[in-house]
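This report refers to the structure that appears directly beneath it.
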Amino acid sequence: MIHTITTLRVRYGETDPMKYVYYGNYAEYFEVARVELFRSLGMSYDEIEKRGIFLPVSEYKIKYLKPALYDQLLEIRTYVRKIPGIRIEFDYEIFNEDQVKITEASTTLFFLDSQTNKIVKCPDYLMDLIVKKWDDTI
């Protein structure tokens, strides 16, 4: 498994009149966390795309347990629990400043060759980085 933690502070523009994070903004928070997970492996999302692979989202599930609020510092815990094939699955947990879990979510992305527009297996250069960081003890 691979596990990373990303923190971000809720900005005013991400909230509704109650100062709750607007539900649509969570997808962007998870994108930030995914990008940081790839960076922690040693390759930026941008570099993956420059090498000809896109990663479109095919599935997104979320469960809101409690609201995230304006100016809170959030901790997004991101997990890859299975070695990828043609898909890579991410699980997320968001905790507020009091370390209360407020959100659970998952996304599934697939590897798409940018030239042929066909689904492909996880490229070897990325798989090597994943395997290198894989930890069965987490």
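Brief remarks on what is shown
- On a per residue basis, segment 26-137 carries 55 Å² of accessible surface, using protein heavy atoms and a 1.4 Å probe.
- For TYR22, residues with placed amide H under 5 Å, excluding near neighbours: THR15, ASP16
- Label-to-label distance for THR137 and GLU97 is 3.4 nm, based on points extended 7 Å past Cα in the beta-carbon direction.
- Full-extension gain in nm, ARG51 to ILE119, via 0.36 nm per residue minus C-alpha separation: 23.0 nm
- Candidate values [x] 0.93; [y] 1.00; [z] 0.97, label of the one derived for Rg/Rh (Cα atoms, Kirkwood Rh): [y]
- Distances between placed amide hydrogens fall under 5 Å for THR7 paired with ILE76, all partners being 5 or more residues away or on another chain.
- Of LEU129, ALA105, GLY85, farthest towards positive along the dipole that unit charges on Lys, Arg, Asp, Glu beta carbons give segment 58-138: GLY85
- With respect to the chain, whose longest principal axis is taken over its alpha-carbon atoms, helix 124-133 is tilted by about 50°.
- Check: the chain dipole with +1 on Lys, Arg Cβ and -1 on Asp, Glu Cβ, in debye: 240 debye
- Part-to-part distance (alpha-carbon centres) for segment 78-96 and segment 103-138, which is given in Å: 10 Å
- Rounded tilt (10° steps) of 26-41 against the dominant C-alpha axis of the chain: 50 degrees
- Surface composition of segment 16-138: carbon and sulfur atoms hold 49% of the protein heavy-atom accessible area at a 1.4 Å probe.
- Taking all Cα pairs closer than 8 Å and separated by 6 or more residues, the relative contact order of the chain comes to 30 percent.
The values are calculated or read from the model by the stated rules, or taken from the named source; none is laboratory data. Quantities reported herein were computed from a predicted structural model and do not represent experimental measurements. Using ideal geometry, Cβ is built from the backbone for each residue, glycine included, and neighbour counts are taken over all protein chains shown. Calculation scope for accessible area: heavy atoms of the full protein, side chains included, ligands and nucleic acids excluded. Shrake-Rupley method; radii C 1.70, N 1.55, O 1.52, S 1.80 Å.
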